[in-house]
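The values are calculated or read from the model by the stated rules, or taken from the named source; none is laboratory data. Just so you know, these numbers come straight off a predicted model, no measurement behind them. Note: ideal-geometry Cβ built from the backbone for every residue, glycine included; neighbour counts use all protein chains shown. When the accessible area is computed, the model is the full protein with side chains, heavy atoms only, and any ligands, DNA or RNA have been set aside. Shrake-Rupley method; radii C 1.70, N 1.55, O 1.52, S 1.80 Å.
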Amino acid sequence: MRLRVAGAVLLSAAAYYVYLPLPSGVSEPWKLMLLDALFRSFLQASDVAHALGVCHRVHLLNQVVSWVEDIEPRSCPAVHVTDSTLGGVPARVFQPKGGKQQLKRGVIYFHGGGWALGSGRMRSYDRLCRKMAEDLDAVVVSVDYRLAPEAVFPDQYHDTLAASRAFLTAQVLERYGVDPERVCVSGDSAGANLAAAVAQELGSDDSLTVKFKVQALIYPVLQALDFYTPSYQQNRAVPILYRPVMARFWLQYLGADTSLEPLLLANNHSSLDQPAISGSTRSKLDWTALLPAERRKHFRPVVKETGSPGVMGEVPELMDARAAPLLAEQGVLGRTPKAYVMTCEFDVLRDDGLMYVRRLQDAGVTVTSDHYEDGFHGCMVFAFLPMRSSVGRRSMNNYIHWLDQNL
């Protein structure tokens, strides 16, 4: 009897910890709840370790990820997998065996993780890249750029740029048998941020003889001046990417003091009394003009008249388009390749992606906007996990199908 009571209590406690009220439209909410409970446990443990001085919270999280997810390169009958370097940056290369085409398509991919977590060695990304290589008959290179807190902006950007420049050289393209007319840059979340920044830089580089044909951005993070876009307001408490977590990721990436997090979350850093933020800059993320009415919904802008004027001086990188590609000039955007942008309804980053779609279109770039009404942040990468959702499978299949049709 006592064991039954104890078991009931434990089950009740576990259910209480796992249960989280979610919007009714989220795909398979119980799977997301279980995934979130796992993440929250790791985050809380890392915060405790950080507070006790045992280690940096990011180091513990990455150690856990490494134990659970990292795998050695393993070839299979369809794909040859090796670890290498590209432009001096570690990378995992996936080469299809056989295939119909003499020259293959090429994809360089940057993983997500808030510029601080994960790697191309993770099981999730390894399987994604294997599937891309096999389904597209493409050479896929997954780049392991440096991570925060040891590396901060522009280190991650420089790594991905160096790897991309190397990938586009005749020597590397010939080594892997890649068609120079069919090369793509892609990534998810923070990796999509890096892919967008690289596409902007290389699109404007007239010295290159080979350029990317397409860019494919999966729920990209593109700006840190407005933490009150409609999607930040609507999804502030929707897993797995909570609004405060995204602000912390930004501060870690930019090498800033994480004590500034409350100021960012209050939009004090982008108040109207900030002389560094011009009207032209504000127009590039004016969601009242850039988002369609169905995405703005009933939400209203939160713009402070007065804020914390010292923040922009302390973190000037907030205004750097290499860190925040949404802030790029129209002329720069117009020279980027044909684009695919995936967004999810229940994601704080939804409006970053949708505003970028509009800005690219206004600059004359052909864009496919692929939006998932039941999607959440990270859903595509989690398509391979035991808790994979239907929206994860759908989004991955549609992403690969778009590449097949456009690359």
Can you find a residue that is open to solvent by 50 Å² or more (accessible area, probe 1.4 Å), acidic (Asp, Glu) and part of a helix (DSSP H, G or I) anywhere in the range 292-312?
yes
Just to be sure before I move on: is Leu254 over 29 Å from Ser24 (Cβ atoms), surrounded by fewer than 21 Cβ atoms within 10 Å (Cβ to Cβ), among the hydrophobic types (A, V, I, L, M, F, W, C) and out of contact with any Pro (no Cβ under 7 Å at 6 or more places or on another chain) in the structure I sent?
no
Just the residues that are modelled with pLDDT under 80 and assigned to a helix (DSSP H, G or I), please, taken from the range 18-34.
Val18
The one condition in (1) under 21 Å from Val391 (Cβ atoms); (2) open to solvent by less than 60 Å² (accessible area, probe 1.4 Å); (3) in a helix (DSSP H, G or I) that Tyr372 fails to fulfil
(3)
Which condition number in (1) buried (at least 19 other Cβ atoms within 10 Å of the Cβ); (2) under 27 Å from Ser389 (Cα atoms); (3) of a type in the set (Val, Ile, Thr) is the one that Val89 fails?
(2)
Out of the residues in the range 75-114 that are of a type in the set (Gly, Ala, Ser) and assigned to a strand (DSSP E or B), which is nearest to Pro244 (Cα to Cα)?
Ala91
Note on the range 275-285: residues within 23 Å of Val332 (Cβ to Cβ) and free of Cβ contacts under 8 Å to residues at least 60 places away in the same chain are Ala276, Ile277, Ser278, Gly279, Ser280, Thr281, Arg282, Ser283
Take the range 318-336 and flag every residue that is open to solvent by less than 40 Å² (accessible area, probe 1.4 Å), in contact with a helix residue (DSSP H, G or I) (Cβ under 6 Å, 6 or more places away or on another chain) and assigned to a loop (DSSP other than H, G, I, E, B).
Ala321, Ala323, Ala328, Thr336
Has the range 360-369 got at least one residue that is hydrophobic (A, V, I, L, M, F, W, C), in contact with a strand residue (DSSP E or B) (Cβ under 6 Å, 6 or more places away or on another chain), at pLDDT 95 or above and part of a helix (DSSP H, G or I)?
yes
Which residues, counting only those in the range 120-146, are closer than 18 Å to Leu161 by Cα and surrounded by fewer than 24 Cβ atoms within 10 Å (Cβ to Cβ)?
Asp144, Arg146
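Yes/no matrix, rows are residues, columns are (1) of a type in the set (D, E, K, R); (2) within 30 Å of Lys213 (Cα to Cα):
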residue: Met246; (1), (2): no, no
residue: Leu254; (1), (2): no, yes
residue: Glu261; (1), (2): yes, no
residue: Thr281; (1), (2): no, yes
residue: Thr288; (1), (2): no, no
residue: Lys297; (1), (2): yes, no
residue: Thr306; (1), (2): no, no
residue: Met312; (1), (2): no, no
residue: Thr343; (1), (2): no, yes
Every residue in the range 65-86 that is of a type outside the set (D, E, K, R), under 26 Å from Leu43 (Cα atoms) and crowded, with 16+ Cβ neighbours inside 10 Å, please.
Val65
Among residues belonging to the range 187-219 that are in a strand (DSSP E or B) and touching a Leu at 6+ places or on another chain (Cβ under 7 Å), point out the one that is farthest from Val348 (Cα to Cα).
Val214
Hey, among the residues in the range 27-51 that are open to solvent by less than 60 Å² (accessible area, probe 1.4 Å) and among the small types (Gly, Ala, Ser), which one's farthest from the chain's Cα centre (by Cα)?
Ala49
Which of the residues that make up the range 269-284 are surrounded by fewer than 20 Cβ atoms within 10 Å (Cβ to Cβ) and part of a helix (DSSP H, G or I)?
Gly279, Ser280, Thr281, Arg282, Ser283
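Is it the case, given these coordinates, that Ala289 is at pLDDT 95 or above and outside any helix (DSSP H, G or I)? Working first, answer last.
Values: at pLDDT 95 or above: yes; outside any helix (DSSP H, G or I): no.
Spelling it out, it is not the case that Ala289 is at pLDDT 95 or above and outside any helix (DSSP H, G or I).
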As an exercise: evaluate Arg358 against (1) in contact (Cβ under 8 Å) with a residue 60 or more places away in the chain; (2) charged (D, E, K, R); (3) within 15 Å of Val26 (Cα to Cα) and give the number of the one condition it does not meet.
(3)
Across the range 199-241, which residue is most open to solvent (accessible area, probe 1.4 Å) among those that are of a type in the set (Gly, Ala, Ser) and modelled with pLDDT of 95 or more?
Ser207
Kindly evaluate Leu265 against the criterion of being closer than 22 Å to Tyr219 by Cβ and either modelled with pLDDT of 95 or more or in contact with a Pro (Cβ under 6 Å, 6 or more places away or on another chain) (or both).
yes
